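The structure appears below as C-alpha cells.
Every number here is computed from the coordinates shown, using simple stated rules; none is lab data. These numbers were taken from a predicted model, which means no experiment stands behind them. Virtual Cβ from ideal backbone geometry, glycine too; neighbours counted across all protein chains shown.
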Amino acid sequence: MDKLLFGISGLPLGEEKDKFNYATGIEHLSKIGLDAMELPFVRSVNVTAKNRQNIIDAKNKFNFYLSAHGSYFINLNSDEDEKIEKSLERIIKGADALESVGGRSLIFHPGFYLKSSKEETLLNIKNQLKRLPKGNVNYRLETTGKPTQFGDVAEIVSICKEVESCKPCIDFSHVHARGNGALKSYNDFANILSHIKENLGEEALRDIHIHMAGINYGPKGEKNHLPFLESDFDFLQCLRALKDFNVTGCIICESPFLERDALLLKETYHSL
C-alpha cells in the first residue's frame, strides 16, 4: 500500500437520528474524509445475497478499504477437536464473505492458553492455521488485551513468520492494556515496529493492519475501550513512530466515538 488509511470498526455513529447500513455507512465515512471500515462478523457473518452488491458498488464508487473482524468464537488451542473444526469453519466463512465484497484482511483472535503452556499453545495454533486455505484474503492475527489470552506481539509475529497466509494485526491499545500500561514512550511503540521489521521484513510495515482506541485496564489487562482523550494511551507518540517508520496500511479506530476519534487520528497524523 502507498499510504496510511484511517477508518472505523463497524457502522458509523453519525448524528442522533442517523441509521446506516454497510453501503450508506461507506458513503458517509468517505464524505467526512475516512478511508476504511471493518465489518463486524464477530457474532455472525452479515454479508448476504441481499446486501452484497450494494456493498461492492459503494466500495468501488468511493475507493474504500474493507476489512472484517472474524468470529469471537474461535479457539485453535481447544482440547476438543470439534471446537477446533468449528473455529476453522468460522474463519473460512468470514474470509469467503469478505472476499466476496473485495475486502482484504480478516482479523481474529486465534485462541487461548487454557491449560497449555505458552510454547504448546503457540505450536498448536500455528499447526491449525497452516490448514487454512490460501486465497485473496489475509488472515490477520490480532494482539490481545489480557495476559490470559494467546497473542502478545512476539507470539503473533512468530506465527506470521512461519505461516505464509497469516499477517499481524497490531492492536496497540491491547498491547498497552496487556502490560498494565506498558506503552509509555515513543520508544515503546518504535520497539514494536522494529521487532516486526526485523522478523517479517520491511514489506510487513508497508502493508500493516492496526487497531487503536483509548483503553481502560487493570492488572488483569483490558477492561473496555475509551475515547482517546479520556485515556492514558499515547496515540500521538504511536502516530509519530508510524510516521518515522514510514508505515503504510490501515488504522481502524475502535474508540466509542468511532468516526470522531478516527478523524482525530488522521488529522493528527497529517499534522506531524
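Evaluated against (1) touching an Asp or Glu at 6+ places or on another chain (Cβ under 7 Å); (2) assigned to a loop (DSSP other than H, G, I, E, B); (3) not hydrophobic (A, V, I, L, M, F, W, C), H174 falls short on exactly one condition, (2). Between E99, E89, E155, the distinction of being free of Cβ contacts under 8 Å to residues at least 12 places away in the same chain, of a type in the set (D, E) and on the phi < 0 side of the Ramachandran plot belongs to E89 only. Look at S30 and say whether it is under 23 Å from M212 (Cα atoms), polar (S, T, N, Q) and surrounded by 20 or more Cβ atoms within 10 Å (Cβ to Cβ). No; evaluated as a whole, the condition is false for this residue.
For region 214-236, residues that are part of a helix (DSSP H, G or I) and in contact with an Asp or Glu (Cβ under 6 Å, 6 or more places away or on another chain) total 1.
From the list K146, K197, K184, the one residue that fits, being touching a residue at least 24 places away in the same chain (Cβ under 8 Å), in a helix (DSSP H, G or I) and surrounded by fewer than 24 Cβ atoms within 10 Å (Cβ to Cβ), is K197. Sub-8 Å Cβ pairs linking a first residue in region 40-54 that is more than 20 Å from E89 (Cα to Cα) to a second residue that is hydrophobic (A, V, I, L, M, F, W, C), at least 6 apart or interchain, are N51/A23; R52/V101; N54/A23, ordered by first then second residue. Of the residues making up region 69-82, those that are surrounded by 16 or more Cβ atoms within 10 Å (Cβ to Cβ) and of a type outside the set (S, T, Y) are H69, G70, I74, N75, L76, N77. Among the residues of region 64-81, which ones are outside any loop (DSSP other than H, G, I, E, B) and over 18 Å from G249 (Cβ atoms)? Across region 64-81, the qualifying residue is only D81.
Table: residues versus (1) part of a helix (DSSP H, G or I); (2) crowded, with 23+ Cβ neighbours inside 10 Å.
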| position | (1), (2) |
| --- | --- |
| E203 | yes, no |
| C238 | yes, yes |
| N246 | no, no |
| I251 | no, yes |
| E267 | yes, no |
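Of the candidates I84, I125, the single residue that is free of Cβ contacts under 8 Å to residues at least 60 places away in the same chain, in a helix (DSSP H, G or I) and in contact with a Pro (Cβ under 7 Å, 6 or more places away or on another chain) is I125. Only residues that are of a type in the set (K, R) and in contact with a Cys (Cβ under 9 Å, 6 or more places away or on another chain) were counted in region 139-173, giving 2. Quick check on my filter: what residues within region 89-133 are surrounded by fewer than 17 Cβ atoms within 10 Å (Cβ to Cβ), of a type in the set (D, E, K, R) and under 18 Å from the mean Cα position of the chain (by Cα)? Listed by number, the residues that qualify are K93, D96, E99.
Exactly one residue out of I55, I8, I26 is in contact with a Leu (Cβ under 9 Å, 6 or more places away or on another chain), within 15 Å of R260 (Cβ to Cβ), aliphatic (A, V, I, L, M) and not in a loop (DSSP other than H, G, I, E, B), and it is I8.
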